[in-house]
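The block underneath contains the structure these notes are about, expressed in structure tokens.
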């Protein structure tokens with residue numbers, strides 16, 4: 001993982017995947033959620049000469065940031081499709097850009113994907129036209145953030161968990177529960193950090209799922225009003241413990257290194273950077289599980305260059321390219337064969353790429369919608385716009 005990448009914009013804010021409660025579960029069916037009927041591409045034709053992409057920073061590297069990191073030019077040479085990439089800083093920006101109709105594909109995150117599907121902005125994907133799809137880990141396929149009723153709407157790209165990181169010199173005993181960041185009596189008051197995004201409400205919901213079973217929370221992204229209010233109240237109580245909310249990976253590393261922050265949520269890539277910076281930190285996947293993210297390449301319903309878009313999706317999840325982007329960005333690759341192609345031969349072990357049991361405890365980010373993602377039909381769930389308003393209130 002390159003520090004230059006972070007400086008270039010590895011903020012990946014507001015959401016990169018949620019599910020039916022477990023990382024490995026679900027078939028994507030949401031009761032009452034019926035997106036527009038759009039036919040997927042039936043056959044591949046000749047490439048149109050270019051493809052316009054919306055992507056997270058670090059997903060479309062062409063050597064301009066680091067001469068040794070380039071999987072775009074080899075794609076262009078092989079396919080004749082010139083890549084025109086627009087880097088987006090948030091999921092909201094991705095949704096807005098895709099709705100202009102100027103882009104062919106997007107590396108959508110879980111809190112954007114259902115919005116894109118519901119609006120008819122993206123089309124189902126014909127996976128038969130993507131040979132490398134067969135090598136993608138099964139527990140990433142046909143999930144609630146990249147499919148609807150068994151129909152695939154995208155190609156999984158990579159994933160990661162939101163870990164609990166702590167200062168090994170100051171935080172003792174080592175924590176094994178999210179209680180460490182929610183306990184009002186915490187001795188680390190003012191030294192705790194939390195992810196700065198409305199989707200962090202799901203972290204509170206996940207903790208309540210384990211500690212207050214009477215609330216009946218099954219999926220941290222499917223909250224009825226009572227469950228939602230309990231989660232928001234927990235975060236309002238936590239506010240007194242928070243030293244800072246983070247969205248910038250570089251600043252998070254600096255805060256842990258300086259000792260201003262002693263524990264809180266993080267990504268594995270940030271933990272690795274902090275260790276490289278000689279910060280005394282370690283990470284743990286708490287006993288309650290964790291939230292996480294899984295990114296998906298989706299194709300525009302009205303793509304002007306659909307053939308090149310499909311060729312790009314096949315390329316970016318090929319073993320070689322998927323290994324390069326995963327290692328550069330700092331995430332688990334989606335293609336199982338990518339693990340044999342990484343420069344660091346222990347990379348996939350570090351990121352738990354093939355550890356099915358590990359991912360069953362990761363609840364990937366998803367888009368909260370009124371149709372409850374946990375399958376309930378007798379109540380309405382709180383949608384993402386309300387999550388956004390509540391987050392503003394929580395932070396004050």
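Screening residue 257 on (1) touching a strand residue (DSSP E or B) at 6+ places or on another chain (Cβ under 7 Å); (2) more than 27 Å from residue 357 (Cβ to Cβ) shows it passes everything except condition (1). Candidates are the residues of region 70-94 that are surrounded by fewer than 21 Cβ atoms within 10 Å (Cβ to Cβ) and at pLDDT below 95; the one that is farthest from residue 366 (Cα to Cα) is 87. When residues in region 148-188 are screened for being under 21 Å from residue 252 (Cα atoms) and within 21 Å of the chain's Cα centre (by Cα), 8 of them pass. Selection over region 142-173 of residues that are in a loop (DSSP other than H, G, I, E, B), outside the structural domain of residue 335 (by TED's automatic domain parsing) and in contact with a strand residue (DSSP E or B) (Cβ under 7 Å, 6 or more places away or on another chain) gives a count of 2.
Given the criteria outside the structural domain of residue 327 (by TED's automatic domain parsing) and either farther than 22 Å from residue 89 by Cα or surrounded by fewer than 24 Cβ atoms within 10 Å (Cβ to Cβ) (or both), does residue 139 qualify?
On the way: outside the structural domain of residue 327 (by TED's automatic domain parsing): no; either farther than 22 Å from residue 89 by Cα or surrounded by fewer than 24 Cβ atoms within 10 Å (Cβ to Cβ) (or both): yes.
So residue 139 does not fit the description; no.
Residue 16 falls short on exactly one of the conditions (1) crowded, with 23+ Cβ neighbours inside 10 Å; (2) at pLDDT 95 or above, and that condition is (2).
Since residue 238 meets every condition but one in (1) part of a helix (DSSP H, G or I); (2) touching a helix residue (DSSP H, G or I) at 6+ places or on another chain (Cβ under 6 Å); (3) within 21 Å of residue 377 (Cα to Cα), which condition does it not meet? Checking residue 238 against (1) part of a helix (DSSP H, G or I); (2) touching a helix residue (DSSP H, G or I) at 6+ places or on another chain (Cβ under 6 Å); (3) within 21 Å of residue 377 (Cα to Cα), the one that fails is (3).
The values are calculated or read from the model by the stated rules, or taken from the named source; none is laboratory data. Keep in mind that this is a model prediction, so the values were computed, not measured. For neighbour counting, all protein chains shown are included, and Cβ atoms are generated from backbone atoms with ideal geometry for every residue, glycine included.
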